[in-house]
Amino acid sequence: MENERKLSRPEANNNNNKNEPPPSVSIPLVNDGPLTAATGGTELSCFRCTLPFGVVVLIAGIVVTAVAYSLNSHGSTISHFGLALLSAGVALLGLSAACWKLRSEKKKEERRRESQAALVTNHRIV
């Protein structure tokens, strides 16, 4: 019983000197250069990647679900798999649309800022 109390006390840790901070872990910095070189600069355009995968998964889900329901196997593993593929395809297409919308809004905002900066620069010159 006394042994259990000693283990459960906060003072019973491996740190003998209480003024020492706990050891720190250094995390290396990640350089985006190799990633950009490997992907050709498309790592920031997720909609270009998820759109084809979403279409392929959606078509596969349609085919598997059609086969499952043509065999009257409602509630079987193949019908569940087909429905999972269908929902994954729809989710990927939705993700692609959301990424495309966010990227187009970001580009629109950047263009607006650039045009405002050009107007301010031209106004100062005149």
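Computed from the coordinates by the stated procedures, all read-outs in this text should not be read as laboratory data. What you are looking at is a predicted structure, and each value in this text was computed from that prediction instead of being measured. Because the Cβ atoms are built from the backbone with ideal geometry, glycine has one as well, and the counts that use them run over all protein chains shown.
Normalised by the number of residues in the range 46-126, the average gap of Cα pairs under 8 Å and 6 or more apart makes the relative contact order 37 percent. Remark: the range 79-87, residue by residue, has Karplus-estimated 3J(HN,Hα) of 5, 5, 5, x, 5, 5, 5, 4, 5 Hz, where x stands for each Gly or Pro and the curve is 6.51 cos²θ - 1.76 cosθ + 1.60 at θ = phi - 60°. Whole-Hz Karplus values for the range 67-76 come out as 5, 5, 7, 6, 8, 6, 10, 5, x, 7 Hz, taken residue by residue from phi with 6.51 cos²θ - 1.76 cosθ + 1.60 and θ = phi - 60°; glycine and proline positions read x. The mean of 1/r over all distinct Cα pairs in the range 46-126, once inverted, gives the Kirkwood hydrodynamic radius of 15.4 Å. In a reduced charge model with +1 at each Lys and Arg Cβ and -1 at each Asp and Glu Cβ, the range 41-112 shows a dipole moment near 420 debye about its Cα centre.
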